[in-house]
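The values are calculated or read from the model by the stated rules, or taken from the named source; none is laboratory data. These figures come from a predicted structure and were not determined experimentally. Don't worry about glycine lacking a Cβ; one is built from the backbone with ideal geometry, like all the others, and counts go over all protein chains shown.
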Number of protein chains: 2
Amino acid sequence: MRQTSLYTKTRKTLPKDEVATNAKLLIKGGFVHKELAGVYSYLPLGVRVLTKIENIIREEMNRIGGQEILMSSLQDQAVWERNDRWSDKKIDIWFKDRTGKVGFAWSHEEPIMNMVRHHIGSYKDMPVYVYQFQNKFRNEPRAKSGLLRGREFIMKDLYSFNVDGEGLDKFYETMKKAYMRIFDRVGIGNITYLTFASGGLFTKFSHEFQTLSSAGEDVIYLDKKGKIAINKEVMSESVLKEIGVSKKDLVEEKAIEVGNIFKFGTKYSENMGVTFKDKSGKEHPVYVGSYGIGLGRLMATIVETLSDDSGIIWPDSVAPFQVHLIELEKGSGETLYKKLEDRGVEVLYDDRDATPGEKFKDSDLIGIPWRFVVSKKTGTKVECKRRNSGKAELLTYDKAIGKLL
Amino acid sequence: MRQTSLYTKTRKTLPKDEVATNAKLLIKGGFVHKELAGVYSYLPLGVRVLTKIENIIREEMNRIGGQEILMSSLQDQAVWERNDRWSDKKIDIWFKDRTGKVGFAWSHEEPIMNMVRHHIGSYKDMPVYVYQFQNKFRNEPRAKSGLLRGREFIMKDLYSFNVDGEGLDKFYETMKKAYMRIFDRVGIGNITYLTFASGGLFTKFSHEFQTLSSAGEDVIYLDKKGKIAINKEVMSESVLKEIGVSKKDLVEEKAIEVGNIFKFGTKYSENMGVTFKDKSGKEHPVYVGSYGIGLGRLMATIVETLSDDSGIIWPDSVAPFQVHLIELEKGSGETLYKKLEDRGVEVLYDDRDATPGEKFKDSDLIGIPWRFVVSKKTGTKVECKRRNSGKAELLTYDKAIGKLL
């Protein structure tokens, strides 16, 4: 794509109330636009990153048997009342309409329980794993962390339905691996740790995936060697003993919760009467698990952990383009641009009338993994540099393209 | 996909208050689930259809230079006030939160006007065409038409920004053609007509795309030969004269509005101060157009117009699967299923323990374009039938697959 046709430009000014690094970089680079505190719109570059993250997650959810659905945002009071959670005293972040009778999905747990009733009746109908990419609305009082804590955000939420605890446990372990594959693929696997967290309803622990970052709102105790962590919330001598970790191996770290998995067990099924018949026709409550990843938060985490003073450093897997092609004289990039497009390379071609300095600065800010520079100086060759490296190589066009394929 | 793994089953019972044919068929077939009046969730089969419709629209929007964005649902009171439309007297279908200060997008017109300000400053920055697939929330009092009129629905909305009226007019004509390509590609082109409708702010007319259907809420006067229609709202002797249509060529028809395009011109830009500098540095208001298609409504229109007493008849382009493979004896479909999957054919394989009668009935209801039946009787061949045809052919596996590729 030609940069002169790109809708957005990089920005120098920021909204006054913006304090988070992730939002600052994403706004400056032209990835997002701030609508309200904790509410962001995605611009074309942002949509490209978001779509790549979404597709990686989708592939991993499909791989383990997930089926995609899309639930509504508007929700029924009566459904939530069946599980006794409509109350503002229990859920204090709810957006409701002016009548107070329609809710805007802060979660889809109760509605999904209500919906599966129509399609799960027998043990033969399970296991069922359904997931969606859908907005959540949460009236967060502290929406100061940019895209890390939004009042509106897209979440991948998967729900598992099994006939027994063994089935649930087995799928839960499968999901742990799928989540680690996702965080690996988006480029933060090496700083993301499975973390014991408070269990809630059914089990002593749930599990979070925590990415080390000074921007994190969570504190974890990390056993780097054992690749396991414990959220401060549940940290105690007895917990250490239970999971077999020694205090001396732990370091305190700030971290961002990029994923969360937990087991409802039969708690909600019992409350809401979601049951199935076994072989003998006897009714039992369904075993349920819930597995979430916030897409905007994940994007923001990548930005927080993979950027430098000049801007963002996107991993290849989620970058808006593979190559930023920069010409220093009008038209000098045309030939290579055509070659790259013909080979199906995702290229942003800086064909603007701007100084080399402006172009390099914008390129570092936007953070595309490869920078290709063509000029009188490079002649029939092109200067290739990775965003996160100081070293540039002068290569023929074909050799440069070879680096990408 | 094996039907035994499909999350949904066909349903015999319907929600009590459901009266619309499209919703009845989509609920029975397992495409959608009704959450509230005018609020539907999409089940796996529904997501497959929705995604295909979305991708067709996306291709056509990209083809004419559209850039995809994704705006937030939560909206700022202050932005709407700048164009004087926050008032419930002006927009009576608004969902607002309990404070009355946050709105849930009934439209994105004002927020997009506000957003482009940051990226359009000079005549060089235009034209700009941005679009999204995003939820709209409208507190419709008459939400009785299933997915034709939802209180929550996904819309493709594109906004055009040009430096002058000529640019706007030219793009508007380009969009007319793109819309007709979309309706052609989803299978309703032959019954969909460009229709003169009320213009509103800037022009005498806007244009709708109206699909003939007895379920339609609109009345149009259609000149079939001239391939043009006039919405009853604007029908008059002087209008007929103006657009050069003779009354005797017109027939009154009920129709569904599947698309709508209109020109704001400079009206909103002036109100909201969205301007650009021309070559001499003089400021002018931007010329704006708006172009919408509701995805759920489009799906519902296909169902309303392409179904029979037994169920839905999906066009190939948007069908959830290309083939419904039905085995009459346990395992007799395995070989062909494997062959189809290997060739990349989207196949739903009915491997359930069910009677042939039940399988055929469900197959007609779900409406996949090709039905392949294998049984003892068909031997090494397969019985192939189109959903909308009574005629079946007995073909070798390879010949049958050849029909699809």
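Key figures for this structure:
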read-out: Top-ranked residue in segment B:10-41 [being aliphatic (A, V, I, L, M) and free of Cβ contacts under 8 Å to residues at least 60 places away in the same chain; ranked as surrounded by the most Cβ atoms within 10 Å (Cβ to Cβ)]; value: B:Ile27
read-out: Test: residue in segment A:71-83 that is within 13 Å of chain B (Cβ to nearest Cβ) and under 18 Å from A:Asn22 (Cα atoms); value: no
read-out: Filter result (under 19 Å from the mean Cα position of the chain (by Cα) and not small (Gly, Ala, Ser)) within segment A:182-205; value: A:Ile182, A:Phe183, A:Asp184, A:Arg185, A:Val186, A:Ile188, A:Asn190, A:Ile191, A:Thr192, A:Tyr193, A:Leu194, A:Thr195
read-out: Set B:Val258, B:Val245, B:Val234: member being in contact (Cβ under 8 Å) with a residue 24 or more places away in the chain and either farther than 30 Å from B:Ile112 by Cα or over 16 Å from the mean Cα position of the chain (by Cα) (or both); value: B:Val234
read-out: Segment A:121-141, residues that are charged (D, E, K, R) and either surrounded by fewer than 17 Cβ atoms within 10 Å (Cβ to Cβ) or more than 8 Å from chain B (Cβ to nearest Cβ) (or both); value: A:Lys124, A:Lys136, A:Arg138, A:Glu140
read-out: Criterion violated by B:Val19 - all others in (1) modelled with pLDDT under 95; (2) within 13 Å of another protein chain (Cβ to nearest Cβ) satisfied; value: (2)
read-out: Extreme residue, nearest to A:Ile69 (Cα to Cα), among residues of segment A:99-111 that are within 9 Å of another protein chain (Cβ to nearest Cβ) and not in a loop (DSSP other than H, G, I, E, B); value: A:Pro111
read-out: Tally of residues being surrounded by fewer than 20 Cβ atoms within 10 Å (Cβ to Cβ), more than 19 Å from A:Lys52 (Cα to Cα) and not polar (S, T, N, Q) across segment A:300-315; value: 2
read-out: Test: B:Glu253 is touching a residue at least 24 places away in the same chain (Cβ under 8 Å), more than 20 Å from the chain's Cα centre (by Cα) and either over 30 Å from B:Glu270 (Cβ atoms) or surrounded by 18 or more Cβ atoms within 10 Å (Cβ to Cβ) (or both); value: yes
read-out: Failed criterion for A:Asp84 (all others in (1) in a loop (DSSP other than H, G, I, E, B); (2) in contact with a strand residue (DSSP E or B) (Cβ under 7 Å, 6 or more places away or on another chain) hold); value: (2)
read-out: Residue in segment B:167-214 that is surrounded by the fewest Cβ atoms within 10 Å (Cβ to Cβ), counting only those that are part of a helix (DSSP H, G or I), in contact with a helix residue (DSSP H, G or I) (Cβ under 7 Å, 6 or more places away or on another chain) and not β-branched (Val, Ile, Thr); value: B:Gly189
read-out: Index of the failed condition, B:Ala354 passing every other in (1) closer than 26 Å to B:Ala23 by Cα; (2) touching a residue at least 12 places away in the same chain (Cβ under 8 Å); (3) not in a helix (DSSP H, G or I); value: (2)
read-out: Count - residues of segment B:78-91 that are touching a residue at least 24 places away in the same chain (Cβ under 8 Å) and within 29 Å of the chain's Cα centre (by Cα); value: 4
read-out: Unique residue being within 22 Å of B:Ile368 (Cα to Cα) and in contact with a Leu (Cβ under 9 Å, 6 or more places away or on another chain) when the list is B:Leu14, B:Leu6; value: B:Leu6
read-out: Single unsatisfied condition, B:Lys24 versus (1) in a helix (DSSP H, G or I); (2) closer than 28 Å to A:Leu50 by Cα; (3) more than 9 Å from chain A (Cβ to nearest Cβ); value: (2)
read-out: Entirely in segment A:231-300, the strands (runs of 3 or more DSSP E) that have 3 or more residues that are hydrophobic (A, V, I, L, M, F, W, C); value: A:251-265
read-out: Filter result for B:Ile56 (in a loop (DSSP other than H, G, I, E, B), over 21 Å from A:Val32 (Cα atoms), more than 8 Å from chain A (Cβ to nearest Cβ) and touching a Lys or Arg at 6+ places or on another chain (Cβ under 6 Å)); value: no
read-out: Failed criterion for A:Tyr7 (all others in (1) outside the structural domain of A:Leu147 (by TED's automatic domain parsing); (2) within 22 Å of A:Lys136 (Cβ to Cβ); (3) aromatic (Phe, Trp, Tyr) hold); value: (2)
read-out: Segment A:142-152, subset in contact (Cβ under 8 Å) with a residue 24 or more places away in the chain and more than 10 Å from chain B (Cβ to nearest Cβ), residue surrounded by the most Cβ atoms within 10 Å (Cβ to Cβ); value: A:Leu148
read-out: Residues satisfying the stated conditions in segment A:42-64, i.e. β-branched (Val, Ile, Thr) and either buried (at least 23 other Cβ atoms within 10 Å of the Cβ) or in contact (Cβ under 8 Å) with a residue 12 or more places away in the chain (or both); value: A:Val49, A:Ile53, A:Ile56, A:Ile57, A:Ile64
read-out: Lone qualifier among A:Ser332, A:Ser389 - being assigned to a loop (DSSP other than H, G, I, E, B), hydroxyl-bearing (Ser, Thr, Tyr) and closer than 29 Å to A:Leu25 by Cα; value: A:Ser389
read-out: Which listed residue is assigned to a loop (DSSP other than H, G, I, E, B), out of contact with any His (no Cβ under 9 Å at 6 or more places or on another chain) and surrounded by fewer than 21 Cβ atoms within 10 Å (Cβ to Cβ), from A:Leu405, A:Leu395; value: A:Leu405
